């Protein structure tokens, strides 16, 4: 479990969310493109353009279908003391899970849709959440969103989901405590494929609350493969959530008894991780609602921020080189 520990009388929290990361990337790209040190000689620029990869080929999506969904009463699946977390086991069948994994891996290795981070890789569908224009979801994800609506899992969602982040976690990989930020509606549905894992919620403390309020883990859930978890309201706005970077996880005492009984575990059991794919399905706030929104300061622990910063630096370096090459080529 993730617990805040006082260090020299204080805990330093570095906050970053997707909007802050994108802003940092843009600023780094702008600064790099203006720096004389990043400009390439004309000969190097020509060689770079000649070696530039061809546009990514279209993705050949396999056939995909889902069985009709029966309505789910979310209130019957509330778990834990937060009051805004809901867990639905076996929302997918084994065959549907296999079909979804085929869709995920229809995107070949090396395709631009795969973004490699330090501790995992991901695909983003629905476009840049900070952009005005939305990108249509691919057909299989569109079908998934319709199935979520049909079953009632998005019944409390302010607007239909239009964005999906697909994370691939190899054993030993995870994501440190964070909030999803203000660009999205405060309502999330996550589907788990391929492996079980523990999801932990803990309070997001303001600087003045550190050392005063309890920062212990509030809730821990066993996310079984093929399950759906929904969280919103307090769990979204005032709590961090995390998946540990682990090969094996021990079920702790923050797993509610009724949830443990439902998923067939008890405190002290070991969960052995294999490759896990998660689909985080959300709705981007309308552009007018996002106007003037700053970061709501979702928290990311230091290592996660370093991962984001490394990805931003790599993207900025590549963009700066391409911009300098194009400028030299056109001169």
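Hey, with R₀ at 35 Å, roughly what FRET efficiency would residue 257 and residue 102 work out to, going by the Cβ-Cβ distance, to 0.05?
Efficiency at R0 = 35 Å is approximately 0.40.
Could you work out how much longer the chain between residue 149 and residue 94 gets when fully extended? Use 0.36 nm per residue separation minus the Cα distance between them, nm to one decimal.
Roughly 17.7 nm would be gained on extension.
Calculate the translational D of the stretch 54-114 in whole µm² s⁻¹ from Stokes-Einstein, where the hydrodynamic radius comes from the Kirkwood formula applied to all Cα pairs, the temperature is 10 °C and the viscosity 1.306 mPa s.
After rounding, the answer is 107 µm²/s.
Find how much the distance from residue 156 to residue 270 grows on full extension, using 0.36 nm per residue of separation minus their present alpha carbon separation; answer in nm with one decimal.
Working it through step by step, the gained length comes to 37.6 nm.
May I ask you to sort 231, 64 by Cβ crowding, counting other Cβ atoms within 10 Å and putting the fewest first?
With the fewest neighbours first, 231, 64 line up as 64, 231.
Normalised by the number of residues in the stretch 74-293, what is the relative contact order in percent for Cα pairs under 8 Å and 6+ residues apart?
Reported relative contact order: 29 percent.
Work out, step by step, the length gained on full extension between residue 56 and residue 116: first 0.36 nm times the residue separation, then minus their alpha carbon distance; give nm to one decimal.
20.0 nm
Arrange the following residues from fewest to most other Cβ atoms within 10 Å of their Cβ: 114, 125.
114, 125
Just to be sure I understand the curve: with the Debye formula and one point per C-alpha of the stretch 74-293, what is log10 I(q)/I(0) at q = 0.10, 0.14, 0.15 Å⁻¹?
Listed by q, the Debye log ratios stand at -0.44, -0.90, -1.05.
Ranking 180, 128, 258 by Cβ neighbours within 10 Å, fewest first, what do you get?
So the residues, fewest neighbours to most, are 258, 128, 180.
Bear in mind that the values in this text are calculations on the coordinates, not laboratory data. Keep in mind the model is a prediction, meaning the values are calculated, not measured. Glycine also receives a Cβ, built like all others from the backbone with ideal geometry; neighbour counts cover every protein chain displayed.
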